[in-house]
Amino acid sequence: MKKNTIHSTTLIEIPKITDKEGRGNLSVIEKDCLPFKIERVYYLYDVPSDAYRGGHAHKNLKQFLLPLSGSFDVILKDGENSKTVTLNKPNKGLLIVPGIWRELENFSSGAVCLVLASNVYDENDYIRDFDTFVAQKMSTP
Ligand code: T46
């Protein structure tokens, strides 16, 4: 289990190109914008406001969460500390490094969470039990 703490999870602002003729904004993720090569893209949508997603940690996966529309909260835990990050700008996303527990909740109506991931889906990369997660964090030298 990676020793990373919640302080290693960072907000990344995606450059925004505002159209001079009032046609809105365009943001692009390319080159070294993210600290990993994107191997998978998925998105969460139609999430009821009283539902929550996540509730697990990853052993090796890096992910970047972007609120393409609306807003939601991400609760991050490293076994010692926790913090809540509200994502509500489509050009400001959250990089979650391996070894961090995450829970997503408080989705606004119409919220869409785009996730860019460093690897393909692998259930073996998940730790879905919180007590197991904490025990593994504590036993990491
Ligand atoms: C995470 C948060 C933000 C797939 O078949 N392929 C995939 O790429 C993914 C992500 C999921 N699935 C299947 C596995 C489950 O049968 O879709 C179902 C729902 O997955 P899960 O319960 O893990 O969904 P969330 O929203 O709780 O968590 C997901 C990601 O799994 C997780 O990595 O960080 O979104």
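The values are calculated or read from the model by the stated rules, or taken from the named source; none is laboratory data. Predicted model, so just to flag it, every value in this text is computed and none were measured. Virtual Cβ from ideal backbone geometry, glycine too; neighbours counted across all protein chains shown. These area figures cover heavy atoms from the full protein model, side chains too; ligands, DNA and RNA do not enter into them. Shrake-Rupley method; radii C 1.70, N 1.55, O 1.52, S 1.80 Å.
Can you give the accessible area of Val120 in Å² (nearest 10), computed on protein heavy atoms with a 1.4 Å probe?
Number for this one is 80 Å².
For the stretch 1-56, just say rounded, prolate or oblate: build the C-alpha gyration tensor, square-root its eigenvalues into a ≥ b ≥ c, call rounded for a/c under 1.5, and beyond that prolate if a/b exceeds b/c, oblate if not. Mind showing how you got there, number by number?
Details: a/c = 2.28, a/b = 1.36, b/c = 1.68.
Oblate shape, in that a/c is at least 1.5 and b/c is the bigger or equal ratio.
HN-Hα J couplings of the stretch 126-135 from phi, Karplus 6.51/-1.76/1.60, θ = phi - 60°, integer Hz, Gly and Pro as x?
Ordered by residue, 3J(HN,Hα) equals 8, 10, 9, 10, 5, 5, 5, 4, 4, 4 Hz.
Using only the Cα atoms of the stretch 89-141, build the gyration tensor, take square roots of its eigenvalues as a ≥ b ≥ c, and label the shape rounded, prolate or oblate: rounded if a/c is under 1.5, else prolate if a/b is larger than b/c, else oblate. Spell out each step's value before the answer.
Values: a/c = 2.20, a/b = 1.84, b/c = 1.20.
It comes out prolate by the Cα gyration axes.
Pop a pseudo-label 7 angstrom from the Cα along the beta-carbon direction at both Phe36 and His7 and give the gap in nm to one decimal.
Taking the two extended label points, one gets 2.2 nm.
Roughly how many Å² is the accessible area per residue of the stretch 83-130, as a whole number, for a 1.4 Å probe?
Per residue, the stretch 83-130 has an accessible area of 44 Å².
Hull surface divided by four, with the convex hull built on the Cα atoms of the stretch 1-137: how many nm²?
8.7 nm²
So what does Leu26 come to for accessible area, using a 1.4 Å probe and Å² rounded to 10?
Leu26 has an accessible surface of roughly 100 Å² with all protein chains in place.
Using a 1.4 Å probe on the protein heavy atoms, what percent of the accessible area of the chain belongs to carbon and sulfur? Please list the in-between numbers first.
Working: 3970 of 8180 Å².
Reported share for carbon and sulfur atoms: 49 percent.
Going by Cα centres, the stretch 1-68 and the stretch 111-138 are how many Å apart?
One Cα centre to the other: 15 Å.
What does the convex hull of the Cα atoms come to per residue for the stretch 37-98, in Å³?
Numbers: hull volume 6.4 nm³, N = 62.
Dividing the Cα hull volume of the stretch 37-98 by its residues yields 103 Å³.
Ranked highest first by the average count of other Cβ atoms within 10 Å around their residues, in what order do 29-35, 52-58 fall?
On the way: 29-35: 11.7, 52-58: 18.6.
The packing order, highest mean first, is 52-58, 29-35.
Using the Karplus curve 6.51 cos²θ - 1.76 cosθ + 1.60 with θ = phi - 60°, what ³J(HN,Hα) values do you get for each residue of the stretch 85-101, in whole Hz, with x for Gly and Pro?
3J(HN,Hα) across the stretch 85-101, in whole Hz: 10, 8, 9, 8, 10, x, 10, 9, x, 10, 8, 10, 7, x, x, 10, 6.
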